[in-house]
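The values are calculated or read from the model by the stated rules, or taken from the named source; none is laboratory data. Remember, predicted model here, so these are calculated numbers, not experimental data. Cβ placement follows ideal geometry from the backbone for every residue including glycine, while neighbour counts extend to all protein chains displayed.
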Ligand code: SF4
Ligand code: SF4
């Protein structure tokens, strides 16, 4: 079992990293031939950085769009971020002070994360127009995340798993040593789903995470009159005549 | 028109219930072989349309980052779902922006993603069948490319970009839209959307000079093809004789007259509109824009000013520099752009919107107005979608909202706003933009106007509004056509420069 978990771990991390690099490379290489920021848009590079920061940290546009989705979505994402940072303690020895500091918040963030997910799922199930646009995979991702969250919470608060064993196992994996993984069904389920999520990330809707940084309507500077914006394929048209 | 009735106003702006299939149908007329071939598209649906369509999609995915990212990034959150005027007006769920994108995304997933190739049901992927193609044609011609949905999307996904790509694919396999392609053909052949040749245009302008003389007693000129003029005015050809557009053109001419600006129109580029954008063809967009470059070079003008037109201003402001070099800041080595940019006077913005031009003069006290001339009006302002979300005026973000309002307040006494959820960046399209201003889509146009009509009606009830100003030729045409269906007087809509024209005091210049 430990060997299987180890293999899946390496596989998932590899696919995640390689897939994401490939996808990001593709986005970066694809030209944006025209200036299409959704205006009013910042007129300077610094302004764009601010706009993107607001977008990524506060979900500004979603806030304008729908309060309920914003509240649930933001709650979920922020909680997820805190939970992820908290999990660093299982990979790093010694545990950095700031990871230690976040530990108590991390545990409660697990709860708010699941609340956010249920909120989002409720929308998908009960709001007619959102139900209409949902595909099976949209539901499935929410279920996967909810199960990951719930299994994690159970291990934190109810049936404690052998965290020392978990930590030794993963610290070992990072040094390419395969130790013994505690054989705890909750833990194994939790891990399998996380690995699946990592491996599927680069071929799924989770690509919205890197995608947002490459969205021309958000990341372009509003200065088309002041600077001539020309992509490589478009400039070729000019040399043809 | 008789059989088309206006949908009922919603009592409170609630999200309408879904009516699946409400707008199913064939869509607007398909372009015939003549109109298609004139633009280099195949005349009929080609035999291997399936493979060609997928190949074209692949090509566009490689050329446009917007499409590439937007196909992947949507999470089906639904924030955009209730933001489209066509969805609100028709209740057809396929007019929800995300559902419209999904018409293409489902095909993208099937042919370009791992999940869609092996688990199509799971991710909602589907083959490109003839039915899907027809569905594309129908629903991608129920989007006016107004970008309202992109304001609210957490990833800035702009359905307009998807619509443009879909239309480009359709045209490239022989399913272009008659209205747009026929018009583009006229621009190439004659110089404007209306197919008004040079002698007829000259006649029209001379007639206009006489009318204005009768009206004002002054010799206000409408010059055509004057070499060495300072300003080249590029305006939508509707301004030459459509109502109420023409009153705006008279307004521009009076502003030029009042300040002694030497200006000219061009018969070669007697069209500000650029329907190349509507059909999503970079090639056509560029070819149409190049006419303006040519005219500017030939006439040797120092400034290019653009009249009241929404998408034309988006193309001019956002794309001209890229497409034709009308702008500033080209590299020293960029011979194509420098050729023109050396000629232009860079103390001014290139191109300049007529509202920027007029507002600048007002600020410098170069124009005098008798505001009481507009006292019969209670005026509100409809932000045109392409100006609001696809361009700017002045130096600061949002200038496209302030400058036209400032002008109105400078020339008239009674100005009120409509519901802020429907103005500025949140404005609703008039319902006729993006290549949909055709009689064969009248039902859609009426329904698409619903959200604007609702809030206009509020403003009429509360403030007695009787003039809705707009700075777009399409808005003006669309509203004067659909407003009577909603029980309003068609003359309630007019340009900002129509108000300028009413109030301007012309001395002896
Ligand atoms: S661009 Fe405008 S018309 Fe098209 S889907 Fe979005 S809101 Fe609707
Ligand atoms: S708002 Fe954006 S991410 Fe959400 S459903 Fe619409 S297009 Fe997709």
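Can you tell me which condition residue B:58 does not meet? The list is (1) assigned to a helix (DSSP H, G or I); (2) away from chain A (no Cβ under 14 Å); (3) loosely packed, with under 15 Cβ neighbours inside 10 Å, and all the others hold.
(2)
Any idea how many residues of the stretch B:242-275 are under 14 Å from residue B:192 (Cβ atoms), out of contact with any helix residue (DSSP H, G or I) (no Cβ under 6 Å at 6 or more places or on another chain) and surrounded by fewer than 24 Cβ atoms within 10 Å (Cβ to Cβ)?
Final tally of qualifying residues: 1.
Need a quick list: helices (runs of 4 or more DSSP H) entirely within the stretch A:168-241 having at least 2 residues that are at pLDDT below 95 and within 9 Å of chain B (Cβ to nearest Cβ).
Details: elements: A:185-200, A:208-211, A:216-219, A:232-240.
In the stretch A:168-241, the matching helices (runs of 4 or more DSSP H) lie at A:232-240.
Of the residues that make up the stretch A:74-96, is at least one surrounded by 17 or more Cβ atoms within 10 Å (Cβ to Cβ), within 9 Å of another protein chain (Cβ to nearest Cβ) and in contact with a helix residue (DSSP H, G or I) (Cβ under 9 Å, 6 or more places away or on another chain)?
No, that holds for no residue.
Among the listed residues B:53, B:79, B:17, identify the single one that is closer than 23 Å to residue A:123 by Cβ and at pLDDT 95 or above.
On the way: B:53 fails: closer than 23 Å to residue A:123 by Cβ; B:17 fails: at pLDDT 95 or above.
Testing whether each residue is closer than 23 Å to residue A:123 by Cβ and at pLDDT 95 or above leaves just B:79.
Given the condition more than 9 Å from every other protein chain (Cβ to nearest Cβ) and within 21 Å of the chain's Cα centre (by Cα), answer yes or no: does some residue in the stretch B:111-120 qualify? Show your work before the answer.
Restricting attention to the stretch B:111-120, the residues satisfying the condition of being more than 9 Å from every other protein chain (Cβ to nearest Cβ) are B:111-112, B:116-118, B:120.
Within this subset, residues satisfying the condition of being within 21 Å of the chain's Cα centre (by Cα) are none.
So far as the stretch B:111-120 goes, no, none of its residues is more than 9 Å from every other protein chain (Cβ to nearest Cβ) and within 21 Å of the chain's Cα centre (by Cα).
Can you pull out every residue in the stretch B:84-120 that is away from ligand 1 (no atom under 16 Å from the Cβ) and not in a helix (DSSP H, G or I)?
B:113, B:119 - these are the residues of the stretch B:84-120 that are away from ligand 1 (no atom under 16 Å from the Cβ) and not in a helix (DSSP H, G or I).
Might you let me know whether the stretch B:70-82 holds any residue that is within 7 Å of another protein chain (Cβ to nearest Cβ) and more than 16 Å from ligand 1 (Cβ to nearest atom)?
Yes: the stretch B:70-82 contains one or more residues that are within 7 Å of another protein chain (Cβ to nearest Cβ) and more than 16 Å from ligand 1 (Cβ to nearest atom).
Restricting the stretch B:321-348 to residues that are surrounded by fewer than 24 Cβ atoms within 10 Å (Cβ to Cβ) and in contact with a strand residue (DSSP E or B) (Cβ under 9 Å, 6 or more places away or on another chain), which is nearest to residue A:233 (Cα to Cα)?
Selected residue: B:344.
Yes/no per residue for (1) touching a helix residue (DSSP H, G or I) at 6+ places or on another chain (Cβ under 9 Å); (2) within 16 Å of ligand 2 (Cβ to nearest atom):
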{"site": "B:135", "(1), (2)": "yes, no"}
{"site": "B:139", "(1), (2)": "yes, yes"}
{"site": "B:158", "(1), (2)": "yes, yes"}
{"site": "B:170", "(1), (2)": "yes, no"}
{"site": "B:187", "(1), (2)": "yes, no"}
{"site": "B:197", "(1), (2)": "no, no"}
{"site": "B:215", "(1), (2)": "yes, no"}
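Determine, yes or no, whether residue B:438 is away from ligand 1 (no atom under 16 Å from the Cβ) and within 24 Å of residue B:3 (Cβ to Cβ). If you could, list the steps in order and put the result at the bottom.
Details: away from ligand 1 (no atom under 16 Å from the Cβ): no; within 24 Å of residue B:3 (Cβ to Cβ): yes.
Against the criterion (away from ligand 1 (no atom under 16 Å from the Cβ) and within 24 Å of residue B:3 (Cβ to Cβ)), residue B:438 does not qualify.
Among the residues that make up the stretch A:9-19, is at least one of them within 13 Å of another protein chain (Cβ to nearest Cβ), surrounded by 16 or more Cβ atoms within 10 Å (Cβ to Cβ) and within 30 Å of residue A:124 (Cα to Cα)? Explain how you work it out, then say what you get.
In the first step, residues of the stretch A:9-19 are kept if they are within 13 Å of another protein chain (Cβ to nearest Cβ); the result is A:15, A:19.
Filter again for surrounded by 16 or more Cβ atoms within 10 Å (Cβ to Cβ), leaving A:15, A:19.
Pick out the ones that are also within 30 Å of residue A:124 (Cα to Cα) and you get A:15, A:19.
Yes, some residue in the stretch A:9-19 is within 13 Å of another protein chain (Cβ to nearest Cβ), surrounded by 16 or more Cβ atoms within 10 Å (Cβ to Cβ) and within 30 Å of residue A:124 (Cα to Cα).
Give the residue, chosen from B:452, B:445, that is buried (at least 23 other Cβ atoms within 10 Å of the Cβ) and without any contact (Cβ under 8 Å) to a residue 40 or more places away in the chain. Explain how you work it out, then say what you get.
Numbers: B:452 fails: without any contact (Cβ under 8 Å) to a residue 40 or more places away in the chain.
None of the other options fit; the residue is B:445.
Hey, can you tell me all the residues within the stretch A:20-51 that are more than 7 Å from chain B (Cβ to nearest Cβ) and within 27 Å of residue B:316 (Cβ to Cβ)?
A:37, A:44, A:45, A:46, A:47, A:48, A:51
Exactly one of these conditions fails for residue B:191: (1) within 16 Å of ligand 2 (Cβ to nearest atom); (2) touching a residue at least 40 places away in the same chain (Cβ under 8 Å). Give me its number.
All conditions pass for residue B:191, except number (1).
I want to confirm something. Restricting to the stretch A:132-146 and keeping residues that are touching a helix residue (DSSP H, G or I) at 6+ places or on another chain (Cβ under 6 Å) and not in a loop (DSSP other than H, G, I, E, B), which single residue is farthest from residue B:122 (Cα to Cα)? Steps first, please.
Restricting attention to the stretch A:132-146, the residues satisfying the condition of being touching a helix residue (DSSP H, G or I) at 6+ places or on another chain (Cβ under 6 Å) are A:132-137, A:142, A:144-146.
Within this subset, residues satisfying the condition of being not in a loop (DSSP other than H, G, I, E, B) are A:132-133, A:136-137, A:142, A:144-146.
Numbers: A:132: 15, A:133: 13, A:136: 5, A:137: 5, A:142: 14, A:144: 14, A:145: 17, A:146: 19 Å.
In this case the residue turns out to be A:146.
So if I check each of B:78, B:124, which one is under 18 Å from residue A:130 (Cβ atoms) and more than 12 Å from ligand 2 (Cβ to nearest atom)? So that I can check it myself, show each step before the final result.
Numbers: B:78 fails: more than 12 Å from ligand 2 (Cβ to nearest atom).
Going through B:78, B:124 in turn, the sole match is B:124.
Name the residue, out of B:280, B:325, that is free of Cβ contacts under 8 Å to residues at least 40 places away in the same chain and at positive phi. Let's see the steps before the verdict.
Working: B:280 fails: free of Cβ contacts under 8 Å to residues at least 40 places away in the same chain.
Of the residues listed, the single one that is free of Cβ contacts under 8 Å to residues at least 40 places away in the same chain and at positive phi is B:325.
Just to be sure before I move on: is residue B:425 within 13 Å of ligand 1 (Cβ to nearest atom), over 23 Å from residue B:90 (Cβ atoms) and surrounded by fewer than 24 Cβ atoms within 10 Å (Cβ to Cβ) in the structure I sent? So that I can check it myself, show each step before the final result.
Numbers: within 13 Å of ligand 1 (Cβ to nearest atom): yes; over 23 Å from residue B:90 (Cβ atoms): yes; surrounded by fewer than 24 Cβ atoms within 10 Å (Cβ to Cβ): yes.
Spelling it out, residue B:425 is indeed within 13 Å of ligand 1 (Cβ to nearest atom), over 23 Å from residue B:90 (Cβ atoms) and surrounded by fewer than 24 Cβ atoms within 10 Å (Cβ to Cβ).
Which of the following residues is within 28 Å of residue B:84 (Cβ to Cβ) and at pLDDT 95 or above: A:142, A:154? Before the answer, list the steps.
Values: A:154 fails: within 28 Å of residue B:84 (Cβ to Cβ).
None of the others qualify; the one that does is A:142.
Could you list all residues from the stretch A:44-70 that are assigned to a helix (DSSP H, G or I) and buried (at least 16 other Cβ atoms within 10 Å of the Cβ)? Even if it seems obvious, please write down each step before you answer.
So the first thing to find is which residues in the stretch A:44-70 are assigned to a helix (DSSP H, G or I), and the list is A:45-58, A:60-65, A:67-70.
Once the filter is applied, which keeps residues that are assigned to a helix (DSSP H, G or I) and buried (at least 16 other Cβ atoms within 10 Å of the Cβ), the stretch A:44-70 yields A:48, A:51, A:52, A:55, A:60, A:61, A:62, A:63, A:64, A:65, A:69, A:70.
Applying the selection to the stretch B:127-170, what residues are within 13 Å of chain A (Cβ to nearest Cβ), in a loop (DSSP other than H, G, I, E, B) and either within 9 Å of ligand 1 (Cβ to nearest atom) or under 28 Å from residue B:36 (Cα atoms) (or both)?
The answer is B:145, B:146, B:147, B:158.
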